[in-house]
Structure formats: C-alpha cells, structure tokens
Amino acid sequence: MAAPERLNVLLSRARNALIVIGNFKTFLASRKAKTVWHPLLDLLTKGGHLYDGFLLKCERHPSRKMIVRQPQEFDTELS
C-alpha cells in the first residue's frame, strides 16, 4: 500500500471503523512511510482514534466502555 490513492480508497470504504491488526511500525518502516503512513498516523493520533486493542461500548449503557486486548478478555469483560 505505497500509493496515497490506494490509502484514500481504503479509508473511503471504512464506514464505521478501520481496524489494523498487527504492528503499525511495519507500515511506518516502509519506503513510502513519510508520504503515506506518517500523515495518517499523525491524524489518527491527534484525533484520539488509536487504541491498543478493540474499543467496545455497551449499546444499552453507552458510558460503559472497555478496551479488549486478548481473546479471553471478551469472555471476562462482557459477561
């Protein structure tokens, strides 16, 4: 994903969320990182849109939020 146009298509298709599974440092180490990935990461960081896990919110209790980092946390946090 080295072309800014492809990143634009990726972001325009994400309607509710964009989930990156893996290490974002891999993208930042790419040869096009300065023109493609660093601006995106800066934008997401400034907006407070980066989480170290999945941000979950209860539909019935919107003030109840949690970040799940491990698969087993889905069972313990959501029960």
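Values in this text are rule-based calculations from the coordinates and carry no lab data. The structure presented is a predicted model; accordingly, all values stated were derived computationally and were not measured. In this analysis, Cβ positions are derived from the backbone assuming ideal geometry, glycine residues included, and neighbour counts consider all displayed protein chains.
Can you give the extra length, in nm with one decimal, that the chain gains between Phe54 and Glu73 once fully stretched, where that is 0.36 nm per residue apart less the Cα-Cα distance?
Working: separation 19, 0.36 × 19 = 6.84 nm, distance 1.05 nm.
Stretched out fully, the Phe54 to Glu73 stretch lengthens by 5.8 nm.
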Out of (1) 22, 21, 11; (2) 29, 14, 11; (3) 27, 15, 11, which label holds the value of semi-axes √(5λ) of the Cα gyration tensor in Å that was computed here?
(2)
Toward the positive end of the charge dipole of the chain, about the Cα centre and with charges on Cβ (Lys, Arg +1; Asp, Glu -1), which of Leu28, Pro4, Phe54 goes farthest?
Pro4
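Let me have the relative contact order for the chain, percent, based on Cα pairs under 8 Å that are six or more residues apart.
Details: 44 pairs, mean separation 14.7, N = 79.
Relative CO of the chain lands at 19 percent.
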Most mobile of Arg60, Arg15, Arg69 in a GNM of the chain (Cα contacts under 10 Å):
Arg60
